[in-house]
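Each value in this text was obtained by applying a stated rule to the coordinates, not by laboratory testing. Since the model is a prediction, treat every value here as computed from it, not as a measurement. Cβ placement follows ideal geometry from the backbone for every residue including glycine, while neighbour counts extend to all protein chains displayed.
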Amino acid sequence: MDTVIISADIVSAMFLLIILPGLYRVTPEVAEKTKYYRYCIWLCLFGSMAKVLSFIFNGVFNGNLIISIVNYYAYIFIDLMIAFFAFYLYTLIKEKEQKISSRFTGIVIALCVIDFLLRTVGSYTGKLFTVRRGVVAEGPWHPLIAIAPALCFICIFILLICEAKKLGIRYTLALGMYLFLPSAAAIVQIYAPKYAFGYLASALALMIIYVMIQSEIIAEANVRAKLYNRLSTKDVLTGLKNRRGYQEMLAEINEGERVGVLFSDINSLKFVNDQVGHDAGDRLIQSMAAILNEFFPDAEPCRISGDEFVVVVKDPDEKEFEERMKKLSKAFFECDRIASMGYEIGNGKDVQELINSAERMMYQDKKRYYEETGRDRRR
């Protein structure tokens, strides 16, 4: 039977180790929400390994002190795990109900502290267990160690039932497994002491919680993070990438790839805003964005300031890119010379220099615009 228990604990520990890395590759928001759950997993791992070592060492190893320490840790990790699970449940409920009382959690923590002290004193005095010639024997206090965890589970169960409506049926069932499985294992152990499946039951419950709760929390947070990032890099008026999106795009360009760069600037936007109104100016900006979207289906145009736009085309056909620039210039002209433009082609490692060169070319185009239209450059 010892071999079965050892094998089961090792397998459950391996599953927990598979879960753990994913709990650390999350956003700070999720990391804060899952910290008590992570602590429960670590404690279950340590407890399982301590229990495994206690079975392995029992009767075959003469180091009484080492066996005593291993068994002590196997006993106390239970209290720590229950305490952190109470905190975990409290944070899940508090997320949905800010006014939740911490009374039940406080009672659970107090019971865990009392039981922790009982187990510590009992281990030190030999009342909980003794080790002689490498063999572990139960002490007179051993039947008492189930009392505090049972009371803790009752408190947690009451809290879970009271808050079931707020948590929802999915959360309630998953969290209830953490009460049912260890409790069932404890009852079995009372009538058949050799069947010590407490940590195995806790590991199974934690895996159920991961599947039904934690994976959902992580997935929702990832969706929110992607949505926030998309919104934070998007220009509200035009739907193009904003300056932040533009900078992220430049950072993703490989040094060895060829790029074509367009730098364009709306003509007389200040004049339109002052003389016709900002609504007309916004429509002019949106018209400019529409033109760029039409001409660059293979790229993501960026609005980097009020009237400036940059487009970077990756791996362009140079002849086709030149032809596209001529057609774009014609489109700008036919749209009442909506914008001035400049462009360059080169290597990705020189993209900033290419943009600067395209900008200088744009200013030459804008100079011609002011000379030919006679409009005041300052307006």
How far, in degrees from 0 to 90, does helix 169-191 lean away from the longest principal axis of the Cα atoms of the chain, to the nearest 10? 20 degrees
Among 276, 30, 236, 261, which comes first, then next, by fewest other beta-carbon atoms within 10 Å? 236, 276, 30, 261
Per-residue Cβ contact counts at 10 Å, fewest first, order 40, 155, 335 as 335, 155, 40
Can you give the translational diffusion coefficient of segment 2-232 in µm²/s, computed by Stokes-Einstein from the Kirkwood radius over Cα pairs at 25 °C and 0.890 mPa s? 132 µm²/s
Computed, not fitted: 222 nm per-residue ellipticity of the chain from DSSP H runs ≥ 4 (each -39500 (n - 2.57)), nearest 500, equal to -23000 deg cm²/dmol
What angle, in degrees between 0 and 90 and rounded to the nearest 10, separates the Cα long axis of helix 278-295 from the longest principal axis of the Cα atoms of the chain? 80 degrees
If you line up the long axis of helix 28-57 against the longest principal axis of the chain, both from Cα atoms, how many degrees apart are they, to the nearest 10? 30 degrees
Using 7 Å Cα-to-Cβ label points, what is the residue 318/residue 212 separation (nm, one decimal)? 6.4 nm
When the charge dipole of the chain is computed with +1 on Lys and Arg Cβ and -1 on Asp and Glu Cβ about the Cα centre, the Cα farthest towards its positive end, among 40, 160, 124, belongs to 124
Would you order 108, 272, 310, 188 from fewest to most other beta-carbon atoms within 10 Å of each residue's own beta-carbon? 188, 272, 310, 108
